[in-house]
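Participant: Just passing along the structure, written as structure tokens.
The values are calculated or read from the model by the stated rules, or taken from the named source; none is laboratory data. It should be emphasised that the depicted structure is a prediction, and the values quoted were computed from it without experimental measurement. Methodologically, a virtual Cβ is constructed for each residue, glycine included, from the backbone with ideal geometry; neighbour enumeration extends over all protein chains shown. SASA here: full protein model, heavy atoms, side chains in, ligands and nucleic acids out. Shrake-Rupley method; radii C 1.70, N 1.55, O 1.52, S 1.80 Å.
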Amino acid sequence: MQEETNVQESLIHPEEKTIETRFNTPKNYTRIPLEATHFGTYLRNLPLKSFNSPVKYFDGREKPNNNVYISVVDMEIGTRDLQQCADAVMRLRGEFLFEQKRLNDIHFNFLSDGKPRYFKKYANGDHSYKKFRKYMNYIFAYANTASLRLELTRVVDIKDIQVGDVFIQKGNPFGHAIIVVDVAKNEQGEKIFMLAQSYMPAQETQILVNRQNSQLSPWYKAEKGELHTPEWTFESSDLRRFKE
């Protein structure tokens, strides 16, 4: 039997179509302002599928909710088992840079040698979106949580958390990565954040619920220590950031 997703109804506008418009901040919290060209602005404006849409796996099967997710990002993931957790994070980063026409900045490291593979070189003059998607699949096949974690910069204090940061563990045999898609704070400077993930097998990116605090869900408090998400437990020290 599928569990209901527990969230505060007052925090949700089901008819809205982006992260920023569908989810309110809790009382006394306001979203941290961001410039239009910030990665976080792109994430806040991610298109969402209709409310209560199920997450689909790469092969079209539905992922049971079981109080894991509250919304689904409306972005195709292909028909191969490629876009898993770290891949979804890299996909969002790549999509943002492509949209901003920052083509020289689109690069991710391979696990095998720790060296970057650049979109511009791969594209060989073809800078179309179709070529970009082929490049991302090429990256997904040869990069993972371990390579991405090494590529990112450590965020020393979780109180400095920003939209676009990543919680990531390399693990053995596999790890997990989730991305911060929104951040808000109150007058005391205390921050809360929202999370999105893909998982195994490859599946659509989903906005996570907070099982530990249904009054705050889908927001999480930025606190030192363990971070319990529906399908993985991180440490606050697992927080990393893309280099600008």
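Participant: Report, to one decimal in Å, the Kirkwood hydrodynamic radius for the range 108-176 based on all distinct Cα pairs.
Facilitator: Numbers: mean 1/r = 0.0731 Å⁻¹.
About 13.7 Å for the range 108-176.
Participant: Can you list the HN-Hα couplings for the range 214-231, worked out from phi with the Karplus curve (6.51, -1.76, 1.60; θ = phi - 60°), rounded to whole Hz and with x for Gly and Pro?
Facilitator: For the range 214-231, the Karplus curve yields 5, 6, 9, 3, x, 8, 10, 7, 7, 10, 5, x, 6, 10, 9, 9, x, 10 Hz.
Participant: Now for a different question. Measuring with a 1.4 Å probe in the full set of protein chains, what accessible area per residue, in whole Å², belongs to the range 105-188?
Facilitator: On a per-residue basis, 52 Å².
Participant: Moving to a separate point now. Using alpha-carbon pairs under 8 Å, 6+ residues apart, how would you state the relative contact order of the range 137-244 in percent?
Facilitator: Values: 199 pairs, mean separation 31.9, N = 108.
Contact order relative to length: 29 percent.
Participant: Here is a follow-up. For the range 110-135 and the range 171-210, what is the separation of their Cα centres, given in Å?
Facilitator: The two parts, judged by their Cα centres, are 26 Å apart.
Participant: Which GluC sites (Glu not before Pro) from the range 140-215 combine a DSSP loop assignment with at most 16 other Cβ atoms within 10 Å?
Facilitator: Working: sites: 151, 187, 190, 204; in loops: 187, 190, 204.
Passing sites in the range 140-215 are 187, 190.
Participant: Ratio of Rg to Rh for the range 53-192, alpha carbon only, Kirkwood?
Facilitator: Values: Rg = 16.3 Å, Rh = 16.6 Å.
My calculation puts Rg/Rh at 0.98.
Participant: Still on this model: For n ≥ 4 DSSP H runs only, could you compute -39500 (n - 2.57) per run for the chain, divide by its residues and tell me the 222 nm figure to the nearest 500? The partial results should precede the final answer.
Facilitator: Details: 6 runs with 51 residues, N = 244.
Helix contribution divided over all residues of the chain: -6000 deg cm²/dmol.
Participant: Another question, then. What is the pair-distance distribution P(r) of the range 1-131, computed from all Cα-Cα distances in 5 Å bins starting at 0, with each bin given as a whole percent?
Facilitator: Bins of 5 Å from zero give 2, 8, 14, 17, 19, 16, 11, 8, 4, 1, 0 percent of pairs.
Participant: If amide hydrogens are placed 1.01 Å from N in the peptide plane, which non-local residues have theirs closer than 5 Å to the one on residue 210?
Facilitator: Long-range HN contacts for residue 210: 217.
Participant: Given an 8 Å cut-off on Cα distances and at least 6 residues of separation, report the relative contact order of the chain as a percent. Numbers along the way, then the final one.
Facilitator: On the way: 501 pairs, mean separation 58.8, N = 244.
Across the chain, relative contact order equals 24 percent.
Participant: Please give every one of the lysines within straight-line cross-link reach of residue 101, meaning a C-alpha to C-alpha distance under 23 Å, and leave out same-chain neighbours fewer than 8 residues apart.
Facilitator: Straight-line reach from residue 101, under 23 Å: 115, 120, 121, 130, 131, 134, 243.
Participant: Let me ask another. Quick one: what Rg and Dmax do you get for the range 61-138 from the alpha carbons, in Å?
Facilitator: 14.3, 45
Participant: Next question, about the same structure. Among 146, 193, 218, whose Cα projects farthest towards the positive end of the dipole of the range 143-244, with charges put on the beta-carbon of Lys, Arg (+1) and Asp, Glu (-1)?
Facilitator: 146
Participant: Right, something else. Please state the charge dipole magnitude for the range 94-226, taken about the Cα centre, from unit charges on C-beta atoms (+1 on K and R, -1 on D and E), reported in debye and rounded to the nearest 20.
Facilitator: Computed charge dipole of the range 94-226: roughly 540 debye.
Participant: Next question. Stick to the Cα atoms of the range 27-79, pair each with every other, and give me the Kirkwood hydrodynamic radius in Å at one decimal. Show your work: numbers first, answer last.
Facilitator: Working: mean 1/r = 0.0741 Å⁻¹.
Computed over Cα pairs of the range 27-79, the Kirkwood hydrodynamic radius comes out at 13.5 Å.
Participant: How large is the dipole of the range 152-234 about the Cα centre if only Lys and Arg carry +1 and Asp and Glu carry -1, each at its Cβ, rounded to the nearest 20 debye?
Facilitator: On the way: 8 positive and 10 negative charges, 29 e Å.
Roughly 140 debye for the range 152-234.
Participant: Still on this structure, please answer the following. Using modelled backbone amide H atoms (1.01 Å from N, in-plane), which distant-in-sequence or interchain residues come within less than 5 Å of residue 110's amide H?
Facilitator: 115, 117
Participant: So which trypsin sites (Lys or Arg not before Pro) in the range 179-244 pass both tests, a DSSP loop state and at most 12 other Cβ atoms within 10 Å of the Cβ?
Facilitator: Hits after loop and neighbour filter: 224, 243.
Participant: In debye, nearest 20: dipole of the chain around its Cα centre with unit charges on the Cβ of K, R (+) and D, E (-)?
Facilitator: Numbers: 34 positive and 32 negative charges, 179 e Å.
It works out to roughly 860 debye.
Participant: Determine the share of the chain's accessible area contributed by carbon and sulfur atoms, expressed in whole percent, with a 1.4 angstrom probe.
Facilitator: On the way: 5570 of 12000 Å².
After summing per-atom areas, the C and S share lands at 46 percent.
Participant: Could you check which residue among 155, 209, 72 shows the biggest mean-square fluctuation in a GNM of the chain with a 10 Å Cα cutoff?
Facilitator: Judging by the Gaussian network model, the answer is 155.
Participant: Have a look at 77, 18, 98 and report the one farthest towards the positive end of the charge dipole of the chain, computed about the Cα centre with Cβ charges (Lys/Arg +1, Asp/Glu -1).
Facilitator: Of the candidates, 98 comes out farthest on the positive side.
Participant: Build a GNM of the chain with springs between Cα atoms under 10 Å: which of 67, 45, 104 gets the top mean-square fluctuation?
Facilitator: Comparing 67, 45, 104 in a Gaussian network model of the chain, the most mobile one is 104.
Participant: Something else: For q = 0.12 Å⁻¹, what log10 I(q)/I(0) does the chain give under the Debye formula with an equal point scatterer on each alpha carbon and no solvent?
Facilitator: -0.65
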